Amino acid sequence: MTNTIFVSQDAVELGLAWYPGDPVSLTWRVAAVNWSGTYTAKLRDNSSPDSTELATFTVTATYDAVNLWTTFLVTLATAIPTGSYWWSCKQTGGVTRFSGMVNVNA
């Protein structure tokens, strides 16, 4: 008997939520991988790459060689009104690492 394992290169689903008008500054770590580099992260009306771009996030990704993790800091200076949106975070010259829904709700 053969076992089949399916893997995907899709972006890690990472949903975000915040309150309208709040400054956005999010930090998380990805263990056991060096994903440091430059990234472009965008907020759109929906998941289609052709949808209206509402804002661009500032992203830093720093690898810690001692603890073997990459720390992401994502900030957004633009005020976003209440609603549901889509975001994606793509490594420059690489793949989309994260994407998901964004809920901005009071």
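If you average the sequence gap of Cα pairs under 8 Å that are 6 or more apart and divide by the length of the chain, what percent do you get for the contact order?
Details: 239 pairs, mean separation 37.9, N = 106.
For the chain, the relative contact order is 36 percent.
Of all chymotrypsin sites (Phe, Trp or Tyr not before Pro) in the chain, which ones are in loop regions per DSSP and have a Cβ with at most 15 other Cβ atoms within 10 Å? Please report the intermediate quantities before stating the final value.
Working: sites: PHE6, TRP18, TRP28, TRP35, TYR39, PHE57, TYR63, TRP69, PHE72, TYR85, TRP86, TRP87, PHE98; in loops: PHE6, TRP35.
In loop regions of the chain (DSSP not H, G, I, E or B), the sparsely surrounded chymotrypsin sites (Phe, Trp or Tyr not before Pro) are PHE6.
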**Item:** Amide hydrogen neighbours beyond the local backbone of PHE98, cut-off 5 Å, H modeled
**Value:** VAL12, CYS89
**Message:** List the residues, sorted by chain then number, that are 5 or more residues from TRP35 or on another chain and whose placed amide H is less than 5 Å from its amide H.
**Reply:** THR70
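In the P(r) worked out for segment 54-106, what percent of Cα pairs fall beyond 18 Å?
That tail contains 43 percent of the Cα-Cα pairs.
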**Prompt:** Give me the Kirkwood hydrodynamic radius of the chain in Å, from all C-alpha pairs, to one decimal place?
**Reply:** 14.9
**Item:** Signed unit charges on C-beta, dipole axis of the chain, positive-most listed residue VAL24, THR40, THR82
**Value:** THR40
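All of the numbers you see were taken from the coordinates with simple rules; none came from a lab. Note that the structure is predicted; figures quoted are calculated from it, not measured. Positions of Cβ are backbone-derived with ideal geometry, glycine not excepted, and every protein chain shown enters the neighbour counts.
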